[in-house]
Amino acid sequence: MVCHASMLSMTVITGLDRILNSDVRLPSGKVGLITHGAALSRSGIPAHLALLRAGVDLKYLMSPEHGLYSIAQDMEGVEDTSDPMSGLRVISLYGSTFDSLFPDESVLSELDVILWDIQDIGTRYYTYVWTALMVLERLHSMGRQMWVLDRPNPVGGARLEGNVGHIKSFVGWHPVLVRHGLSAGELLSLAASELGLSDALHVVRMKGWRRDMTFRDTGLPWVPPSPNMPSVEAATVYPGMCLVEATTLSEGRGTTTPFLVAGAPYVEPMALISELGEVPGLSMVPTYFRPMFQKHAGRACGGIRLVVTRPEEFDSWVFGLNFLSAVRRLWPERFSWRPDAYEFVDDIPAMDMLTGEPSIRRHIEMGASFSREDFAEDIASWEKRRASYLLYD
């Protein structure tokens, strides 16, 4: 088990640890747990093992995209299995079809309460909160509850970026801002209220988390919540650099620094940096990298490495849009959008799914540049909309 001194002196007490400390008492009965390998107790014990040791009557585990221990790659279907540590049955909520995203009512009917303990990263496209919302919709229809054991937003709760997407998909099951500045519990509270599902949701709040905290301020360990989210730095650039997934450019999957590098075999690093110009809060390092799998596997790619120097100034979303537009302007004959299905959808471009609207893709195709002011209205309206659901200062 993982156990470090920093974990024992942490500032933030998660929803899980509040239950383990008997600060919050679960309802009696049979329990199901939706979780993954990044959900640890303060002593470094995986959530399901910690709850079992505490006497919780766990009957089933359920896993989101990437599986129980977050070892499956993006969009890789995961089958039901059993947990080698506990012997519990693990039901996958991310299989090979869209229907696999929804939990089976026959399983839910055997349970009295569902717990959800997942480390989110605070960006609309990250699918874990949408798994929770899909389960919540089904539980509401059955008259059962989900208890969300809240955890920090690792990129903080103060800075907001992006637009409010309106194309419903697994990378945006409810219209929210890209970098929304909410904990998972807050985001699900907002969505549940707006969808009339609030009676099916109970959030076990954290203690000690503030919106202005960096993840390092929390005293919690960083355990990658998915295979290509190795660091807080990657999570910081993800709101914009995830957009590279919608193209045939490499977003660095297959390297040790996904999302922090991006490019393609035809990209000339210095030409791209010159085209992008100065970016507040960011240093762009010209580089070459070689993905070992996925796009351009085994080929040297020219591109850039992102080094965020002032996170409070850097707008990843705007940068991601300008990155794609710059590559499109410099190499219009080589740049192309992703041609294959994305998150079980093959009739909507991946870029439109990620941005939640088709107009942004069209502006990139016309060579447009973007600024934070372009999205000021969406940010302002989101800030007002989320105000009633803030659980933390």
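The values are calculated or read from the model by the stated rules, or taken from the named source; none is laboratory data. Since the structure is predicted, the reported quantities are computational estimates derived from the model, not experimental observations. Please note: Cβ atoms are built from the backbone with ideal geometry, for glycine as well, and neighbour counts cover all protein chains shown.
Quick look at the numbers
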{"quantity": "Number of the condition not met by residue 174 [criteria: (1) surrounded by fewer than 21 Cβ atoms within 10 Å (Cβ to Cβ); (2) part of a helix (DSSP H, G or I); (3) under 17 Å from the mean Cα position of the chain (by Cα)]", "calculated": "(2)"}
{"quantity": "Members of segment 211-222 that are part of a loop (DSSP other than H, G, I, E, B) and either farther than 17 Å from residue 184 by Cα or touching a Cys at 6+ places or on another chain (Cβ under 9 Å) (or both)", "calculated": "219, 221"}
{"quantity": "Residue among 55, 44 that is closer than 14 Å to residue 19 by Cα and in the same structural domain as residue 218 (by TED's automatic domain parsing)", "calculated": "55"}
{"quantity": "Residue in segment 141-155 that is more than 19 Å from residue 26 (Cα to Cα) and small (Gly, Ala, Ser) present", "calculated": "yes"}
{"quantity": "Filter result for residue 226 (touching a Cys at 6+ places or on another chain (Cβ under 7 Å) and in contact (Cβ under 8 Å) with a residue 24 or more places away in the chain)", "calculated": "no"}
{"quantity": "Every residue from segment 173-187 that is under 12 Å from residue 122 (Cα atoms) and not small (Gly, Ala, Ser)", "calculated": "176, 177, 178, 179, 180, 182, 186, 187"}
{"quantity": "Residues that are aromatic (Phe, Trp, Tyr) and free of Cβ contacts under 8 Å to residues at least 12 places away in the same chain, drawn from segment 145-193", "calculated": "none"}
{"quantity": "Residue check, residue 105 touching a helix residue (DSSP H, G or I) at 6+ places or on another chain (Cβ under 7 Å) and of a type in the set (D, E, K, R)", "calculated": "yes"}
{"quantity": "Residue 35, sole failed condition from (1) without any contact (Cβ under 8 Å) to a residue 12 or more places away in the chain; (2) buried (at least 19 other Cβ atoms within 10 Å of the Cβ)", "calculated": "(1)"}
{"quantity": "Breaking point among (1) within 26 Å of residue 41 (Cβ to Cβ); (2) free of Cβ contacts under 8 Å to residues at least 60 places away in the same chain, for residue 196", "calculated": "(1)"}
{"quantity": "Failed condition for residue 141, given (1) among the hydroxyl-bearing types (Ser, Thr, Tyr); (2) surrounded by 21 or more Cβ atoms within 10 Å (Cβ to Cβ); (3) outside any loop (DSSP other than H, G, I, E, B)", "calculated": "(2)"}
{"quantity": "Criterion: part of a loop (DSSP other than H, G, I, E, B) and buried (at least 20 other Cβ atoms within 10 Å of the Cβ) - qualifying residue of 226, 189", "calculated": "226"}
{"quantity": "All strands (runs of 3 or more DSSP E) inside segment 237-351 with 1 or more residues being crowded, with 20+ Cβ neighbours inside 10 Å and in contact with an Asp or Glu (Cβ under 7 Å, 6 or more places away or on another chain)", "calculated": "261-264"}
